[in-house]
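A short worksheet on the structure shown next.
The values are calculated or read from the model by the stated rules, or taken from the named source; none is laboratory data. Since the structure is predicted, the reported quantities are computational estimates derived from the model, not experimental observations. Note that each Cβ is placed from the backbone with ideal geometry, even for glycine, and that neighbours are counted across all protein chains shown.
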Amino acid sequence: MRPLIRLVIVLAAMASLLASTAAADPPLHVSIPIDQTSPSSLLSAACGFGVSIETAGTLKATVFYDRSGTMIVREIDTQPGTLITVSSATKSLSFPFASVFHFDYPNGTAPGSQAVLKITGLGDKVPRLPADAGPIEFDDATVLFVDSNGVPIVDFGAPSTSHGHSNGAFDLVTAVCTDIAP
């Protein structure tokens, strides 16, 4: 019985060694600081006064490759510490950009390829409304191109499924306008 146990241990060790040498390349980590403010024509028109949106923080992408190291198979995007601030001339409202974007690329990332996207976490939090939160899935997203950092840029398309809570656009816009009204 002992030679059989020894053989099993040796085979397990060899399998582990082979698996580690055939593992995928390490993921690509991209970090992009962002501090951008721009007017929002949509909110300005809805509110009846000038509204701007600022996004400040860091966007991070982690891109994973197949075993050959040549094909992107998935990606995870986060925005640690990033805030979105919606402002009028006299008031503002801030909330964290705390969504996590999980991309799968079943057929690679050539332009036109399918991407499957799941967004989890907080969408937004506006006073007087419950938080927009919960997973949203996009099963038929499309890869547009891969940017100069090596990160695929994707057109999400329409959501396939959504769970959790999502405020209606009218309620969300009304609450934002009320909160930042001069």
Can you tell me which residue is surrounded by the most Cβ atoms within 10 Å (Cβ to Cβ) among those in region 153-182 that are assigned to a loop (DSSP other than H, G, I, E, B) and among the hydroxyl-bearing types (Ser, Thr, Tyr)?
166
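Quick one: count up the residues across region 86-104 that are free of Cβ contacts under 8 Å to residues at least 40 places away in the same chain and over 11 Å from the mean Cα position of the chain (by Cα). Can you show your working first?
Just the residues of region 86-104 that are free of Cβ contacts under 8 Å to residues at least 40 places away in the same chain, to begin with: 94-96, 98-102, 104.
Cutting the leftovers down to over 11 Å from the mean Cα position of the chain (by Cα) gives us 94-96, 104.
The number of residues fulfilling the criteria is 4.
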If we take region 20-78, then strands (runs of 3 or more DSSP E) inside it with 3 or more residues that are among the hydroxyl-bearing types (Ser, Thr, Tyr) and surrounded by 12 or more Cβ atoms within 10 Å (Cβ to Cβ) are 52-65
Within the set of pairs 6+ apart or on separate chains, which have a first residue in region 123-136 that is over 13 Å from residue 173 (Cβ atoms) and in contact (Cβ under 8 Å) with a residue 12 or more places away in the chain, a second that is aromatic (Phe, Trp, Tyr) and buried (at least 17 other Cβ atoms within 10 Å of the Cβ), and C-beta atoms under 8 Å apart?
125/95
Of all residues in region 83-128 being over 24 Å from residue 46 (Cβ atoms) and among the polar types (S, T, N, Q), which is surrounded by the most Cβ atoms within 10 Å (Cβ to Cβ)?
109
Can you name every residue in region 89-126 that is more than 18 Å from residue 75 (Cβ to Cβ), assigned to a strand (DSSP E or B) and of a type in the set (A, V, I, L, M, F, W, C)?
93, 95, 122
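In this structure, is residue 150 assigned to a loop (DSSP other than H, G, I, E, B), of a type outside the set (S, T, N, Q), surrounded by fewer than 17 Cβ atoms within 10 Å (Cβ to Cβ) and at pLDDT 95 or above?
On the way: assigned to a loop (DSSP other than H, G, I, E, B): yes; of a type outside the set (S, T, N, Q): yes; surrounded by fewer than 17 Cβ atoms within 10 Å (Cβ to Cβ): yes; at pLDDT 95 or above: no.
So residue 150 does not fit the description; no.
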If you go through 88, 148, the only one that is small (Gly, Ala, Ser) and within 30 Å of residue 48 (Cβ to Cβ) is 88
